[in-house]
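Report on the structure given below.
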Amino acid sequence: MFTSNDPPGRPGDRDHSGGVRPPFKEPLVTLKTLAKSLALRPTGAAALLLGTALTLGQVLPSIAQDTATTQDETALPGTQSPDAALTPDQPAMDPSDDRPLTFADLADQVSPAVVNITTTSIVEAQSGPQGIVPEGSPFEDFFNDLQGPNGAPQRSQALGSGYVISSDGYIVTNNHVIEGADEIQIEFFSGETRDATLVGTDPSTDVALLKVEATDLPFVEFGDSDGSGARVGDWVMAMGNPLGQGFSVSAGIISARNRELSGTYDDYIQTDAAINRGNSGGPLFNMEGKVIGMNTAILSPTGGSIGIGFAMSSNVIKDVVAQLKEFGETRRGWLGVRIQDVTPDMVDAIEGLSSTAGALVTDVPEGPALDAGMQSGDVILTFNGEPVENTRELVRKVGAAPVGDTVTLEVLRAGQTVPLEVKLGRREEAEASAQPASADGGTDAVPQSSEVLGLTLSEPSPELMGQFNLEDGTEGLIVTEVDPSSDAAGKGIEPGDVITEAGQKPVTSAEDFTAAVEAAEGAGRKSVLLLVRRGGEPRFVALSIEDAQGGNDQQ
């Protein structure tokens, strides 16, 4: 079983590209290929089921690829006409009560477009001391096979699923199904097998596009994962190769929508249709026989289906597939800001803000947004005329916009709505050259400290910067102590954090901070907005000032 091992983070924290740490604490089994091979004796009947792409092993002499990811182009690869797709003329529903009488007709119709995928990769022989098994032990042959004859490289196999989306042989599956493979073989419903080539992958959405040589393959269409037939409670049918048992069908309903697991662009459909290891990359159909999702992961303490499965939505997959076909990689728009969600306690602290809608800009490094005049503390309200509800929605909108396009934004700044025009860069290029943001300048003055809002604040000094491992040139106020009963402690502020803004104005001294608090009190606000940096990463925090007692300046 694979579990999420991302480091814990603050709720709502996102990086400059919008990444968010996963909220799940239960084990999340990604239908992922194990990077290790287990050699099975020819007479063995079992396979080591780790991940959801099913991993098998045999002793023989193998490798991998990957790429990157999306845009506004929605034209799908290959040559096809909707009239030729395996879409039933009539939905598999009883018109009188909207319940399927049977899934059999639907399964018969779309099965020819669902495929099993077998990948092969080489696992190098282990180096260093090997495990020793006593001669004559019942495990002797097992460990000899595992290590390979004379320490030779081993050939590892993994099984997954996929589906044909065009008559000329384009096939979609999960990236983790084919990751690291140097041979990919497709088994069709008829039993025919063909070798496939990798067109491109997108690890960010776990999508891969394959191609086989063909001209007349049966294929299925993508449906609208946000349309009718994709609501919570609607019937769905999953198909694939669970546990390597071959073609299999399971049915259930959509349990939830818009689930986010661990990726920046996640938009998962949750379903109780049985999904197990080996189902990775298989399609999730609505009752019209259209693909509205791709089975990708399960949440399970046991490694088997407990009715909590996740399928990446087709509206995400379509954009990715179109780019993989055109470029062999994805090309996403990039705004060039670090952002976080607006929390309810920030609404009162930000002038002119009436709700939590929008994305709060915490930092503007070198990039398109900085060139357009965006500032830290701006709240992005609209993108190309469409409202922005939160950071997740903004990240998707920006990622789907074409690289090089000029987009219009409205931001809230100092109580006023300011229009901006930004020429989008390319995310993949920005990530490749990203450097940590750091402040310039410094001070050799004797530091002053102040106690305000449960915080003991001090101006930077060589001693404090060394104590808290801060970069040279750090500007702002260093938090040296936090009252454990204060609102600041409840909001997660810790010693070593650096406050660079208070009330959306820079602070470089204790007097600046106290003045910002007094200004907020004078304006009748219940809280003051602070920009806090930890490890170079910024976030805004709204601290209550209702019980503030002022500050005792100390030398």
Checklist entry - Could you list, in sequence order, the residues of the stretch 226-261 that are under 22 Å from the mean Cα position of the chain (by Cα), in a strand (DSSP E or B) and not small (G, A, S)? => result I254, R257, N258, R259
Checklist entry - Can you tell me which residue in the stretch 73-124 is modelled with the highest pLDDT, limited to those that are in a loop (DSSP other than H, G, I, E, B) and hydroxyl-bearing (S, T, Y)? => result T102
Next on the checklist: L453 - would you say it is on the phi > 0 side of the Ramachandran plot and at pLDDT below 90?
Outcome noted: yes
Item to check | Filter result for the condition that a residue is under 21 Å from V528 (Cα atoms) and surrounded by fewer than 16 Cβ atoms within 10 Å (Cβ to Cβ), over G373, G415 | outcome: G415
Item to check | Close pairs from the stretch 184-209: first under 18 Å from Q245 (Cα atoms), partner surrounded by fewer than 22 Cβ atoms within 10 Å (Cβ to Cβ) and among the basic types (K, R), Cβ under 9 Å, at least 6 apart | outcome: Q185/R194; I186/R194; E187/R194; F188/R194
Item to check | In the stretch 453-489, the residues that are among the charged types (D, E, K, R) and either out of contact with any Leu (no Cβ under 7 Å at 6 or more places or on another chain) or closer than 17 Å to R534 by Cβ (or both) | outcome: E463, E471, D472, E475, E481, D483
Checklist entry - Can you list the strands (runs of 3 or more DSSP E) found entirely within the stretch 162-225 that contain at least 3 residues being of a type outside the set (A, V, I, L, M, F, W, C) and farther than 15 Å from E329 by Cα? => result 183-187, 193-202
Checklist entry - In the stretch 287-341, how many are closer than 22 Å to L198 by Cα, outside any helix (DSSP H, G or I) and open to solvent by 10 Å² or more (accessible area, probe 1.4 Å)? => result 3
Next on the checklist: Could you list, ordered by first residue, the pairs with Cβ atoms under 8 Å in which the first is in the stretch 287-310 and on the phi < 0 side of the Ramachandran plot and among the hydroxyl-bearing types (S, T, Y) and the second is assigned to a strand (DSSP E or B) and open to solvent by 10 Å² or more (accessible area, probe 1.4 Å), at least 6 apart or interchain?
Outcome noted: T296/T30; T296/Y268
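Yes/no per residue for (1) farther than 30 Å from L101 by Cβ; (2) among the hydrophobic types (A, V, I, L, M, F, W, C):
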position	(1), (2)
G282	no, no
K290	no, no
M294	no, yes
S305	no, no
G309	no, no
L324	yes, yes
R338	yes, no
Checklist outcome for this item: In the stretch 418-447, anything among the acidic types (D, E) and either modelled with pLDDT of 90 or more or open to solvent by 50 Å² or more (accessible area, probe 1.4 Å) (or both) is listed as E421, E429, E431, D440, D444
Checklist outcome for this item: Within the stretch 240-253, the count of residues that are in contact with a Ser or Thr (Cβ under 7 Å, 6 or more places away or on another chain) and either open to solvent by less than 10 Å² (accessible area, probe 1.4 Å) or under 17 Å from D105 (Cβ atoms) (or both) comes to 4
Checklist entry - Any residue at all in the stretch 494-505 that is touching a helix residue (DSSP H, G or I) at 6+ places or on another chain (Cβ under 8 Å), open to solvent by less than 60 Å² (accessible area, probe 1.4 Å) and at pLDDT below 80? => result no
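The values are calculated or read from the model by the stated rules, or taken from the named source; none is laboratory data. Since the model is a prediction, treat every value here as computed from it, not as a measurement. We place every Cβ from the backbone using ideal geometry, glycine too, and count neighbours over all the protein chains shown. In case anyone asks, the SASA skips ligands and DNA or RNA and just uses the protein heavy atoms, side chains included. Shrake-Rupley method; radii C 1.70, N 1.55, O 1.52, S 1.80 Å.
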